[in-house]
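Structure below; questions to follow.
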C-alpha cells in the first residue's frame with residue numbers, strides 16, 4: 001500500500017472548489033489498463049495504492065493454460081489475498097488514509113461465476129460467506145471498457161508470459177460479465193470509460209481530460225466516451 005516508487009507527478013489538476021474522492025477503485029477486464037490508471041492517479045494525487053498481486057498467485061499461469069483444472073485454487077488464492085488486504089485496511093482506518101485501488105472486492109464473485117463449475121462455485125461461496133469481507137466503500141469507481149481486439153493488443157504489447165495462454169473466448173466472456181455487473185452496480189458513484197481510443201501513457205492530454213472529467217463526479221452514474 002506504499003506509494004509507487006518512481007512515479008512522478010507530471011500533471012497537477014486545478015482542485016479549486018473540488019472535493020477529491022478519498023478512495024478510488026479502478027476496474028475492468030484483463031489488459032484494459034486499470035493498474036496503469038491506478039498508479040497514475042496515485043502519483044497525481046499523492047495517494048497510496050492498493051493493487052492486485054497476480055504475480056503472487058502460483059495457480060494463475062496454470063489456470064490460463066487449463067482453466068478447468070486450476071480455477072478453484074486460483075479463485076481461493078485471490079479471495080484469501082483480498083481478505084489479507086482488507087484486514088490491513090481496517091488497521092489503517094484510524095488514520096483515514098487516501099488510496100486508489102486497481103480492483104473492487106465486489107467483483108470477486110464475478111470471476112468465480114465465470115470460471116467455476118456449480119460444485120466449485122458452491123464451495124467458493126461458502127468460503128466467501130464465512131470470511132465476512134467488509135471492504136471500505138469507494139468514493140468513486142472507474143470502470144474501463146475496451147473491445148476484445150483492443151484487449152488482445154494490450155495484452156500482447158505488455159508481454160506478461162502467464163497471459164500468453166489467455167483465450168479469446170475467456171476475454172469475451174469476462175467482457176460480457178463485466179458489462180452485466182456494472183449495469184446493476186450502485187454501490188458507489190460510477191464512471192464508465194470507453195478506453196478504446198485513450199492512451200494515458202503516451203498522450204498526456206488523454207490523461208488530463210479524463211482526470212478533469214473525473215473530478216466533476218460526486219454521485220450517480222456517468223459515461224466518458226472521448227471518441228464521440
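The values are calculated or read from the model by the stated rules, or taken from the named source; none is laboratory data. It should be emphasised that the depicted structure is a prediction, and the values quoted were computed from it without experimental measurement. Using ideal geometry, Cβ is built from the backbone for each residue, glycine included, and neighbour counts are taken over all protein chains shown.
(1) closer than 30 Å to residue 201 by Cα; (2) surrounded by 19 or more Cβ atoms within 10 Å (Cβ to Cβ): which one isn't true of residue 137, the others all being true?
Just one mismatch for residue 137, condition (2).
For region 155-171, check the following and say yes or no: at least one residue is within 21 Å of residue 21 (Cβ to Cβ) and buried (at least 16 other Cβ atoms within 10 Å of the Cβ). Walk me through how you get there before you give the answer.
Restricting attention to region 155-171, the residues satisfying the condition of being within 21 Å of residue 21 (Cβ to Cβ) are none.
Checking region 155-171: not a single residue is within 21 Å of residue 21 (Cβ to Cβ) and buried (at least 16 other Cβ atoms within 10 Å of the Cβ).
Counting only residues that are at pLDDT 90 or above and either touching a helix residue (DSSP H, G or I) at 6+ places or on another chain (Cβ under 9 Å) or under 26 Å from residue 38 (Cα atoms) (or both), give me the strands (runs of 3 or more DSSP E) lying completely in region 48-145 with at least 3 of them. Give the derivation first.
Working: elements: 48-50, 99-101, 140-145.
Ranges flagged: 140-145.
Right, another one. If you go through region 107-121 one residue at a time, do you hit one that is in contact (Cβ under 8 Å) with a residue 24 or more places away in the chain and in contact with a strand residue (DSSP E or B) (Cβ under 7 Å, 6 or more places away or on another chain)?
The answer is yes; a qualifying residue exists.
Separate question: Check off (1) out of contact with any strand residue (DSSP E or B) (no Cβ under 6 Å at 6 or more places or on another chain); (2) in contact (Cβ under 8 Å) with a residue 24 or more places away in the chain; (3) farther than 26 Å from residue 79 by Cβ for residue 174 and give me the number that stays unchecked.
(3)
Follow-up. When only residues in region 159-190 that are touching a helix residue (DSSP H, G or I) at 6+ places or on another chain (Cβ under 9 Å) and not in a helix (DSSP H, G or I) count, which is modelled with the highest pLDDT?
Once the filter is applied, the top-ranked residue is 190.
Against the condition crowded, with 16+ Cβ neighbours inside 10 Å and either part of a loop (DSSP other than H, G, I, E, B) or touching a residue at least 40 places away in the same chain (Cβ under 8 Å) (or both), how does residue 193 come out, does it pass? Write out each step before concluding.
Values: crowded, with 16+ Cβ neighbours inside 10 Å: yes; either part of a loop (DSSP other than H, G, I, E, B) or touching a residue at least 40 places away in the same chain (Cβ under 8 Å) (or both): yes.
Judged against the criteria, residue 193 is a match.
Something else now. Looking at region 196-228 only, could you name the residues that are surrounded by 14 or more Cβ atoms within 10 Å (Cβ to Cβ) and assigned to a loop (DSSP other than H, G, I, E, B)?
196, 198, 200, 215, 217, 226
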